[in-house]
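Everything below concerns the one structure shown next.
Coordinate-derived values only; no laboratory data. Keep in mind the model is a prediction, meaning the values are calculated, not measured. Heads up, the Cβs are rebuilt from the backbone with ideal geometry, glycines too, and the neighbour counts pull from every protein chain shown.
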Amino acid sequence: MNEKIAIYPGSFDPLTNGHLDILARALKIFDKIIVAVAATELKKPLFSIAERLKMIKTATLNLKNVEAESFSGLLVDYALQKKANALIRGLRAVSDFEYEFQMALMNRHLAKHSKNQNHVETVYLMPDEKYTYLSSTLVKEVVRLGGDAKNFVPKFIELALIKKFKSSHAKIYL
Ligand code: COA
């Protein structure tokens, strides 16, 4: 039987416990998940791609069947290249829906009209209620202002955030 491979794309700037929650749920459905860090500067990331990948790899060290990579270009092309026919996204609240709906349909269209006329479906998973209000931006804001982020990110990521904000130029990112 073919291996069921899914891509979990995002900016992961940084990875949060909410992302890890989604990943754990996705692993119950798929044989392999590739956490794919989008190489886009649109969001002016705080962490470099290499830093984000290292964080993801460290946080998922104990999870079998998880890989982390960066990608550029269209997500569907990357998914097809990886022989994945599913994209994982977390749906935290109704406010996520409209953007996600557009993205899922656009990705479906792009895949269908690609050279190989492939099929890519987006699978939405709901995180635990305690993570429904979480976002990477909020975590950065909390740490930057001296708040406690221990319930939102792994400890080593909280420390990496504190270190980053100690260098004054990082403040321009928020
Ligand atoms: N827990 C915590 N936070 C979560 C979360 C969860 N379960 N699920 C989503 N989020 C947060 C993220 O932390 C992020 O927060 P931020 O905005 O504060 O950084 C936000 O929700 C959503 O961002 P993310 O999941 O990183 O997605 P994105 O919208 O930044 O990225 C891509 C979307 C990368 C998947 C999309 O732009 C893409 O596919 N790009 C490639 C180019 C392409 O193919 N474009 C056409 C797409 S139709």
Can you check what the net charge comes to around Asn65, using other residues whose Cβ is under 15 Å from the Cβ of Asn65 (Lys, Arg +1; Asp, Glu -1)?
+4
Radius of gyration and Dmax for the range 1-49's Cα atoms, expressed in Å?
12.6, 42
Using a cut-off of under 19 Å, list every residue of the range 119-135 whose amide N is near the label point 7 Å from the Cα of Asn65 along the Cα-to-beta-carbon line.
121-126
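Can you tell me the convex hull volume per residue for the range 67-133, based on C-alpha atoms, in Å³ to the nearest whole number?
Spread over its residues, the Cα hull of the range 67-133 gives 101 Å³ apiece.
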Cα to Cα, under 16 Å, and not fewer than 8 places away if on the same chain: which lysines meet these conditions relative to Lys150?
Lys130, Lys140, Lys163
Hits among aspartates and glutamates - C-alpha to C-alpha of Lys4 under 16 Å, sequence gap 8 or more where chains match
Asp31, Glu67, Glu121
Can you tally the lysine pairs in the range 26-100 where the Cα-Cα distance is under 13 Å and the two residues are eight or more apart, or on different chains?
4
Contour excess over end-to-end distance, with Cα ends at Leu91 and Lys163 and 0.36 nm allotted per residue
22.9 nm
Helix-derived [θ] at 222 nm for the chain: sum -39500 (n - 2.57) over DSSP H runs of at least 4, divide by residue count, nearest 500?
-12000 deg cm²/dmol
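Using 0.36 nm per residue of separation minus the Cα-Cα distance, give me the extension gain between Lys83 and His109 in nm, one decimal.
On the way: separation 26, 0.36 × 26 = 9.36 nm, distance 1.73 nm.
Gain on stretching Lys83 to His109: 7.6 nm.
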Around Asp21: net Lys/Arg minus Asp/Glu count, Cβ-Cβ under 10 Å
+1
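Starting from 0.36 nm per residue, how many nanometres of slack lie between Arg25 and Lys130 once their C-alpha separation is accounted for?
Full extension from Arg25 to Lys130 adds 36.3 nm.
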Ratio Rg/Rh [Cα only; Rh per Kirkwood] for the chain:
0.97
Treating the angle as unsigned and between 0 and 90°, give the value, to the nearest 10°, between the Cα long axis of helix 94-112 and the longest Cα principal axis of the chain.
40 degrees
Would you mind counting up the charge near Ile5? Only other residues with Cβ under 9 Å from its Cβ, with Lys and Arg at +1 and Asp and Glu at -1.
+2
